[in-house]
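J.: Submitted below is the structure of interest, expressed as structure tokens.
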Amino acid sequence: PAFLTAVVADLLSGSPLREHAAAVATPGGTGALALAVANFLEPGQALLTSSFHWQPYETIAEQAGRALETFPSFTAEGRFDAAGLARALALQRERQGRALLFLNTPCNNPTGYSLDAHDWAALRPVLAEAAARMPLAVLVDVAYARYGAGDPLDWVRALEPLAERLTLLAAWSGSKAFAQYGARVGACVLVEPQAEERARSVGALSASCRGLWSNVNHLGTLAITECLVDPELRTRVERERAGLRELLFARVELFTRLARAAGLLHPRYEGGFFVAVFCAEAAHAAARMRARGVYVVPIAGALRVALCSTPLASIPRLVEALAAETQA
């Protein structure tokens with residue numbers, strides 16, 4: 001209970017949504033994603049997310065007997081495609097009568113893109129319209145929120161006005177926020193203003209936990225709880241995390257500056273572990289880069305670049321290789 005209370009406070013600090021939230025412990029943020037798919041979609045229905053997404057979303061859906069559908073991530077101008085999302089939600093309403101939407105922001109994996117005030121202003125009416133016509137659950141995957149350039153709680157303020165119209169979920173990751181991947185500690189946070197419905201939903205999520213993984217790493221939850229609630233430990237954690245952020249932002253700044261000079265095309269990138277460089281023949285480009293000793297991950301329409309694992313001194317070589325192979 002202390003862990004769950006601490007996670008809700010960490011995620012929704014200063015928001016009125018905190019009074020209407022509850023959480024269940026999960027093995028990392030991935031567990032929260034699996035819970036949402038299992039509980040907010042019927043077998044045979046499809047999860048909806050952006051075209052550029054973390055590939056295990058598809059695996060999670062398939063293993064639960066669900067499918068995955070996408071909407072275009074970006075417009076021709078490089079903005080979040082709210083109109084494309086509206087069309088996809090309308091199709092899901094016709095086909096399955098409900099929708100579960102995954103939004104991975106801030107610091108989307110694999111693109112590094114974070115929704116800004118302009119994007120949220122375009123997105124809110126789309127979600128409101130969909131929620132008025134069918135049951136809609138929106139899960140915000142905030143795994144990388146502590147590594148972005150903006151306020152990690154911007155998404156909370158953006159969605160507060162919709163909390164009574166849709167089911168709001170968040171995938172909270174101790175793996176990322178505390179740099180403790182191996183501990184496998186996370187949480188699925190649910191916001192539901194109606195107490196009876198909130199209790200019913202938490203009961204369903206808890207039952208799924210029991211049937212999927214039984215329990216989460218107990219020592220991990222105890223350790224992270226102390227880091228969240230003990231003022232001295234929390235200060236030390238935030239200081240250490242600030243050092244990691246500075247290291248990452250130095251890489252981001254250098255990469256974006258050199259990429260712009262080299263003419264590389266990529267989404268707006270202001271933080272996070274990954275960026276995607278657009279490339280029509282991604283698999284071939286990645287193979288040629290491997291021959292140069294430069295390793296990236298080919299995805300549909302782009303190359304995923306992990307600046308989280310690229311030393312500052314290697315970024316010029318990385319950009320040079322990307323420019324040579326994506327503009328050939």
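J.: For the stretch 99-155, with all protein chains present and a 1.4 Å probe, just round the carbon and sulfur fraction of the accessible area to a whole percent. Walk me through the numbers before you get to the answer.
T.: Values: 880 of 1600 Å².
Carbon and sulfur: 55 percent of the exposed surface of the stretch 99-155.
J.: Using the Cα centre of the chain as the reference point, and only Cβ charges (+1 on K/R, -1 on D/E), how large is the resulting charge dipole? Debye, rounded to the nearest 20.
T.: 580 debye
J.: Please give the length that would be gained between residue 312 and residue 13 if that part of the chain were fully extended, namely 0.36 nm times their separation in residues minus their C-alpha to C-alpha distance (nm, one decimal).
T.: 104.2 nm
J.: What angle, in degrees between 0 and 90 and rounded to the nearest 10, separates the Cα long axis of helix 315-326 from the longest principal axis of the Cα atoms of the chain?
T.: Between helix and principal axis, roughly 80 degrees.
J.: Another question about this same structure. How much area per residue is accessible in the chain when the probe is 1.4 Å and only protein heavy atoms are counted (Å²)? Present the calculation step by step, with values, prior to reporting the outcome.
T.: Numbers: 14630 Å² over 328 residues.
Accessible area per residue, the chain: 45 Å².
J.: With just the Cα atoms defining each centre, how far is the stretch 106-150 from the stretch 211-239? Give it in Å.
T.: 26 Å
J.: Quote to one decimal, in nm, the extra length available between residue 62 and residue 297 on full extension: 0.36 nm per residue of separation minus the C-alpha distance between them.
T.: 82.4 nm
J.: Also, quick follow-up: Just need the relative contact order of the stretch 199-310 here, percent rounded to a whole number, with Cα pairs under 8 Å and 6+ apart.
T.: Relative contact order here is 18 percent.
J.: Follow-up question, since we're still on this one. Give me the net charge for the shell around residue 18: Cβ to Cβ below 14 angstrom, other residues only, Lys and Arg +1, Asp and Glu -1.
T.: -2
J.: Using the basic label-point model (7 angstrom from Cα toward the beta carbon), what is the residue 83 to residue 262 distance in nanometres?
T.: Between residue 83 and residue 262, the simple spin-label model gives 3.3 nm.
J.: Averaged over all directions, how much area does the convex hull of the C-alpha atoms of the chain cover when projected, in nm²?
T.: It is 16.4 nm².
J.: Would you calculate a helix-derived [θ] at 222 nm for the chain, using -39,500 (n - 2.57) for each DSSP H run of n ≥ 4 and dividing by the full residue count, to the nearest 500?
T.: Here the helix-only value at 222 nm equals -15500 deg cm²/dmol.
J.: Give me the net charge of residue 248's neighbourhood, meaning all other residues with Cβ under 14 Å from the Cβ of residue 248; Lys, Arg count +1, Asp, Glu -1.
T.: Around residue 248, the surrounding residues sum to +1.
J.: Quick one: check the C-alpha center-to-center distance for the stretch 1-23 versus the stretch 165-195, whole angstrom.
T.: 10 Å
J.: Measure off, as a whole percent, the carbon and sulfur share of the 1.4 Å-probe accessible area of the stretch 1-69, all protein chains present.
T.: 54 percent
J.: Using the Kirkwood radius over Cα pairs, work out the Stokes-Einstein diffusion coefficient for the stretch 179-276 at 20 °C and 1.002 mPa s, in µm²/s as a whole number.
T.: Rounded, D is 123 µm²/s.
J.: Relative to the longest principal axis of the chain, what angle (0 to 90°, nearest 10) does the C-alpha long axis of helix 282-291 take?
T.: Result, in degrees: 60.
J.: With axes computed from alpha carbons, what is the tilt in degrees of helix 117-133 against the longest principal axis of the chain, rounded to the nearest 10 within 0 to 90?
T.: Approximately 40 degrees, to the nearest 10.
J.: Only four residue types carry charge here, +1 at the Cβ of Lys and Arg and -1 at the Cβ of Asp and Glu. Report the dipole size of the stretch 18-80 about the Cα centre in Debye, rounded to the nearest 20.
T.: Its charge dipole is roughly 140 debye.
J.: Shifting gears a bit: Compute the semi-axes of the equivalent ellipsoid of the stretch 19-85, taking the square root of 5 times each eigenvalue of the Cα gyration tensor, and list them largest first in whole Å.
T.: 24, 16, 12
J.: Same structure again: Any idea what the relative contact order of the chain is, in percent, if you count C-alpha pairs under 8 Å spaced at least 6 apart?
T.: Computed over the chain, the figure is 21 percent.
J.: Round to a whole number: what % of the accessible area of the stretch 198-284 belongs to carbon and sulfur, probe 1.4 Å? Present the calculation step by step, with values, prior to reporting the outcome.
T.: Values: 2880 of 5050 Å².
Percent of accessible area from carbon and sulfur atoms in the stretch 198-284: 57.
J.: Let me ask something else about it. At q = 0.12, 0.16 Å⁻¹, what log₁₀ I(q)/I(0) does a Debye calculation on the Cα points of the stretch 107-265 give, no solvent, two decimals?
T.: Debye curve over Cα of the stretch 107-265, log10 I(q)/I(0) at q = 0.12, 0.16 Å⁻¹: -0.71, -1.14.
J.: With r defined as the distance between the Cβ atoms of residue 246 and residue 76 and R0 fixed at 45 Å, what FRET efficiency is calculated, to the nearest 0.05?
T.: Approximately 0.85, to the nearest 0.05.
J.: Tell me the accessible surface of residue 157 in square angstrom (1.4 angstrom probe, heavy atoms of protein chains only), to the nearest ten.
T.: Looks like 120 Å² after rounding.
J.: With unit charges on the beta carbon (Lys/Arg positive, Asp/Glu negative), name the residue among 242, 52, 254 whose Cα is farthest towards the positive pole of the charge dipole of the chain.
T.: In the chain, that residue is 254.
J.: Continuing with this model, one more query. What percent do you get for the relative contact order of the stretch 73-144 when only Cα pairs under 8 Å and 6+ apart count?
T.: Relative contact order of the stretch 73-144: 41 percent.
J.: Let me ask something else about it. If we count every other residue with Cβ under 14 angstrom of residue 231's Cβ, Lys/Arg +1 and Asp/Glu -1, where does the sum land?
T.: Details: positive: 234, 236, 239; negative: 10, 226, 230, 232, 238.
Within the 14 Å Cβ shell, the charges total -2.
J.: Taking all protein chains together and a probe of 1.4 Å, list 19, 197, 62, 238 from the most accessible to the least accessible.
T.: The ordering from most to least exposed comes out as 19, 62, 238, 197.
The values are calculated or read from the model by the stated rules, or taken from the named source; none is laboratory data. Owing to the predicted nature of the structure, the values given are computational and were not obtained by experimental measurement. Quick reminder, even Gly has a Cβ in these numbers, built from the backbone with ideal geometry, and neighbours come from all protein chains shown. These accessible areas exclude ligands, DNA and RNA; they are computed on the full protein's heavy atoms, side chains included. Shrake-Rupley method; radii C 1.70, N 1.55, O 1.52, S 1.80 Å.
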